[in-house]
Amino acid sequence: MRIVAGKYKGRTLNEFSKIGVRPTGDKARESLFNILAFEIAGSSFLDLFAGTGAVGIEAISRGAERVVLNDSSRESIKLIKQNLLKLNENSAQVLERDAISLLAYYNNEFDYIFSDPPYGSNLNEKVVANSVNALKSGGKLIIEDEVPYLGEVPVGLKITDQRKYGRAIFTFFTKE
């Protein structure tokens, strides 16, 4: 797993050795950030289910000003910290919290929220329902799953795009 672009371009990250953990692949991550393009520089970015930290670290590499990497797994937190240390990167905030309760903590703080829980967990529906207040006006929520998002869309959010890259399907929401 490597960083695709920015100041850490080409640097590799540590991965999980156990089967069953599925980080967002290099190609899907590259496509995601190509869509976001130059909007990332100077932004605030929350990675709710950070896993290895690859998506949030990609945001840092591309110039995000504030990045919060969250995961409820102690093993993931350890790996995220190892990856940040490997890059000598200390600007990210790393949290070990339940993603849904974490969203309630923030108010108009993020330009981007990225949600990639385990496929088939239905956690993205809860994220969509609870993320409006954490996003800044015009902010974007991006969810990744293996199936298109068909759940409820709360007042204040609007689906603006949906893209498929291999197994990953990204659904983009914008706060109105």
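Restricting attention to the stretch 59-74, and to residues there that are assigned to a strand (DSSP E or B) and of a type outside the set (S, T, N, Q), which single residue is surrounded by the fewest Cβ atoms within 10 Å (Cβ to Cβ)?
Top of the filtered list is R66.
Out of the residues in the stretch 1-35 that are among the small types (G, A, S) and on the phi < 0 side of the Ramachandran plot, which is modelled with the lowest pLDDT?
Within the stretch 1-35, the match that is modelled with the lowest pLDDT is S17.
Does L36 satisfy being over 16 Å from the mean Cα position of the chain (by Cα), part of a helix (DSSP H, G or I) and among the aliphatic types (A, V, I, L, M)?
Judged against the criteria, L36 is not a match.
Considering only the stretch 104-113, I want to know if a residue exists there that is of a type in the set (D, E), out of contact with any Leu (no Cβ under 7 Å at 6 or more places or on another chain) and within 23 Å of S43 (Cβ to Cβ).
Checked the stretch 104-113: at least one residue is of a type in the set (D, E), out of contact with any Leu (no Cβ under 7 Å at 6 or more places or on another chain) and within 23 Å of S43 (Cβ to Cβ).
Considering every residue within the stretch 41-56, establish whether at least one is loosely packed, with under 15 Cβ neighbours inside 10 Å and either out of contact with any helix residue (DSSP H, G or I) (no Cβ under 8 Å at 6 or more places or on another chain) or part of a helix (DSSP H, G or I) (or both).
Restricting attention to the stretch 41-56, the residues satisfying the condition of being loosely packed, with under 15 Cβ neighbours inside 10 Å are 41-42.
Of the ones still in play, those that are also either out of contact with any helix residue (DSSP H, G or I) (no Cβ under 8 Å at 6 or more places or on another chain) or part of a helix (DSSP H, G or I) (or both) are 41-42.
Yes: one or more hits.
Is it true that some residue in the stretch 6-26 is outside any loop (DSSP other than H, G, I, E, B) and under 21 Å from E146 (Cα atoms)? Before you say what the answer is, go through the steps one by one.
Looking only at the stretch 6-26, we keep the residues that are outside any loop (DSSP other than H, G, I, E, B), and these are 12, 26.
Adding the requirement that they be under 21 Å from E146 (Cα atoms) leaves 26.
Checked the stretch 6-26: at least one residue is outside any loop (DSSP other than H, G, I, E, B) and under 21 Å from E146 (Cα atoms).
Can I80 be described as assigned to a helix (DSSP H, G or I), buried (at least 22 other Cβ atoms within 10 Å of the Cβ) and modelled with pLDDT of 95 or more? Explain how you work it out, then say what you get.
Details: assigned to a helix (DSSP H, G or I): yes; buried (at least 22 other Cβ atoms within 10 Å of the Cβ): yes; modelled with pLDDT of 95 or more: yes.
So I80 fits the description; yes.
Condition check ((1) acidic (D, E); (2) under 16 Å from L46 (Cβ atoms); (3) modelled with pLDDT under 95; (4) over 13 Å from the mean Cα position of the chain (by Cα)) across all residues:
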residue	(1), (2), (3), (4)
N130	no, yes, no, yes
N133	no, yes, no, yes
E146	yes, no, yes, yes
G151	no, no, yes, yes
I159	no, no, no, yes
Q162	no, no, no, yes
R167	no, no, yes, yes
T171	no, no, no, no
E176	yes, no, yes, yes
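Being of a type in the set (A, V, I, L, M) and out of contact with any Ser or Thr (no Cβ under 9 Å at 6 or more places or on another chain) is the filter here, so list the residues in the stretch 105-160 that pass it.
Of everything in the stretch 105-160, those that are of a type in the set (A, V, I, L, M) and out of contact with any Ser or Thr (no Cβ under 9 Å at 6 or more places or on another chain) turn out to be A129, V132, A134, V147, L150, V153, V155.
Filter the strands (runs of 3 or more DSSP E) completely within the stretch 122-176 down to those with at least 2 residues that are of a type in the set (G, A, S) and farther than 19 Å from I100 by Cβ.
Details: elements: 135-145, 157-165, 168-175.
Fully inside the stretch 122-176 and qualifying: 135-145.
Are there any pairs with C-beta distances below 6 angstrom linking a residue in the stretch 120-148 that is of a type in the set (A, V, I, L, M) to a residue that is part of a helix (DSSP H, G or I), with the two at least 6 apart or on different chains, and if so which?
A134/L103; I143/N124
The values are calculated or read from the model by the stated rules, or taken from the named source; none is laboratory data. Since the model is a prediction, treat every value here as computed from it, not as a measurement. Please note: Cβ atoms are built from the backbone with ideal geometry, for glycine as well, and neighbour counts cover all protein chains shown.
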